[in-house]
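Computed from the coordinates by the stated procedures, all read-outs in this text should not be read as laboratory data. Here the structure is a predicted model, which is why all the values come from computation and not from measurement. Quick reminder, even Gly has a Cβ in these numbers, built from the backbone with ideal geometry, and neighbours come from all protein chains shown.
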Amino acid sequence: MMTAQQRRFLGILLEELSVPQRAGVTTREAVAALLAVEERLTKVGVRSRVNLVKGNFYTDPLPKGCDLAWVSAIVHQNSRQQNRQLFRKIYRALDAGGRIAIRDILMEESRTAPISGALFAVNMLVGTEGGGTFTFAELRDDLKAAGFVGAKVVRQDAGMNAVVVATKR
Ligand SMILES: C[S@@+](CC[C@H](N)C(=O)[O-])C[C@H]1O[C@@H](n2cnc3c(N)ncnc32)[C@H](O)[C@@H]1O
């Protein structure tokens, strides 16, 4: 069963796929999530346009030859060190000029706002080894350490829907 939030973001993916001239999409996910995605893609008739790859993004290689990596609601489960490793891996998988787009909660420099992000950080403190919620400066520095340039916030949001984009040189 998918949550309302998962349904919403799958909706965005489906919207992208409904534009015929756009490229196909490769999505890397854990098995349970893959099954839910596969079922939904099949139901709406775009399954053949999506390459679903089963795997662990910490330990398995990422597929090469991509021009966009959509890292959606992932960075909060990681420590900054883990994010740097993941960003390096993504950097290597992208074509030159490719972009990484990170969708997550973005904290203000005070780290006390947005409140939902501060509460979510406590949630990550309890539920993960080193996860948390990050400021733009932290993500920018971690992206830079992985080789990305031009990091910018392209969508501000008080919840999980802020988006930061950076480019592989
Ligand atoms: C918060 S959900 C985000 C799901 C989806 N990307 C979205 O934006 O709605 C985190 C997802 O990451 C997946 N995940 C966590 N660790 C993973 C790993 N090491 N390799 C692959 N997928 C992983 C989980 O299965 C889960 O679906």
- request: Convert each backbone phi in the stretch 101-111 into a coupling constant with the Karplus relation 6.51 cos²θ - 1.76 cosθ + 1.60 (shift: θ = phi - 60°), then list the ³J(HN,Hα) values in order as whole Hz, x for Gly and Pro.
  value: 10, 9, 9, 5, 6, 10, 7, 6, 4, 5, 6
message: Please compute the length gained on full extension between R88 and N123, using 0.36 nm multiplied by the number of residues separating them and subtracting their Cα-Cα distance.
response: 10.0 nm
Net lengthening on full extension, E108/V149 (0.36 nm per residue, minus Cα-Cα): 12.6 nm
field: Packing-based ranking, highest mean first, of 149-158, 36-45, 93-102 given that Cβ atoms within 10 Å are counted
entry: 93-102, 36-45, 149-158
field: Hz values of 3J(HN,Hα) by residue in the stretch 82-97 - Karplus curve (6.51, -1.76, 1.60), Gly and Pro given as x
entry: 5, 5, 4, 5, 5, 5, 4, 5, 5, 4, 5, 7, 7, 5, 4, x
task: List every residue whose amide H lies under 5 Å from the amide H of T135, counting only residues 5 or more places away in sequence or on a different chain, with H placed 1.01 Å from N in the peptide plane.
output: M107
message: Students often get this wrong, so check it: of K43/K64; K43/K168; K54/K152, which have C-alpha atoms separated by over 32 Å?
response: K43/K168
- prompt: Can you give the translational diffusion coefficient of the stretch 86-148 in µm²/s, computed by Stokes-Einstein from the Kirkwood radius over Cα pairs at 20 °C and 1.002 mPa s?
  reply: 166
